[in-house]
Amino acid sequence: MYRVNVAGSILARNCIVESALHGGRARAGMAADTTKPTLVILAAGLGRRYGGLKQLVPVGPGGATMIEYAVYDARQAGFGRVVLVVHPESEVGLRASLGRRLEKHVSVTYALQRPDDLPDGVALSSDRAKPWGTGHAVLAARDVVHGPFAVVNADDFYGADAYAALGGFLRQKPALGVPTYAMVAYALGETLADTGAVARAICRVAPDGRLQEIEEVFGIEKHGPDGRFVDEGGETRFVGGDTPVSMNMWGFTPAVFDQLADGFRGFLRKPRRSSEAEFLIPTVVNDLIRAGTARVTVLPGGGPWCGMTNPQDKERVTGLIREWVAQGRYPEKLWD
């Protein structure tokens, strides 16, 4: 057994570029202020491991969902509109319940993440049953996002400070040359619970705050204040609890869409060990950093973070939110 010490985080921006994949993937809602950053929420999961749609599970004392807390924090941080990336099977249900509530307070656009949304000339494999992953989910929003935007998971609670930091970054004037993106980082130990093993993107960060390397690691479990996992060679590795990790909170500009499209083509061309392999944002970002075609600025998350990976996580999430409501961080009812 041996110990691994690593560090990191992410972010970037540039000019608007049309996606090279074929279009027509999104359905738009009411008009919005396009001068403000957009919040893209990845909500296409079908909740098979959780046992139902996590997007609709109430976690606040007033019945609010994780997505509603994300939208609330983003609005406070100056974001102007919301794009929900959803699965075709769950679109109607999400629109009728969650969407109806959100649309009273913010402009909402829906983008469909479909397994058959592939580059021209690529056929869908008959054994593909699940979505293509987070990189493909962001690509699903390419036709409805035309300025700086943040990406978050629908089942993660990132905290108001994280949205404020990312919103501030996205409002800056983009630098010339290689696009610079951003990622909000959290300490690994603060993202692990006793409810089961999880995937985390382990980061290595330079002294100047630039992301140097990021690697998606699966099967990390809590081990005291630290984490541990078994690598592909069967070795048990330990990762320090203060190691920066990505929880999939990113800041991009539309320049990333062409980069994601190119990466997705490469992913589809490579032999895959499993028919359920996923095209993930950290993998694409790591490739861009190595190639020198993007830079990533790491922003501190500030905490607190919590998420719902397993059904047992709900009790912890609802308990934390009750504490924050009692402390005055959030109103008991988000929407009056």
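Computed from the coordinates by the stated procedures, all read-outs in this text should not be read as laboratory data. Given the structure is predicted, the values throughout are model-derived calculations rather than measurements. When we count neighbours, we look across all protein chains shown, and the Cβ atoms used for this are built from the backbone with ideal geometry, even at glycine.
General remarks:
- Separation in nanometres of the label points that stand 7 Å from Cα toward Cβ, at Ser275 and Gln212: 4.2
- Paramagnetic label reach from Glu89 (point 7 Å along Cα→Cβ; backbone nitrogen cut-off under 20 Å): within the stretch 95-116, residues 95-99, 111-116.
- Neighbour counts of C-beta atoms inside 10 Å place Asp194, Asp258 in the sequence Asp194, Asp258, starting with the fewest.
- Listing Asp242, Asp116 from fewest to most neighbouring C-beta atoms within 10 Å gives Asp116, Asp242.
- Label sites at His223 and Asp262, each approximated as a point 7 angstrom past Cα along Cα to Cβ, lie 3.8 nm apart.
- FRET efficiency for Lys104 and Gln327, using Cβ-Cβ distance with R0 set to 30 Å, rounded to 0.05: 0.70
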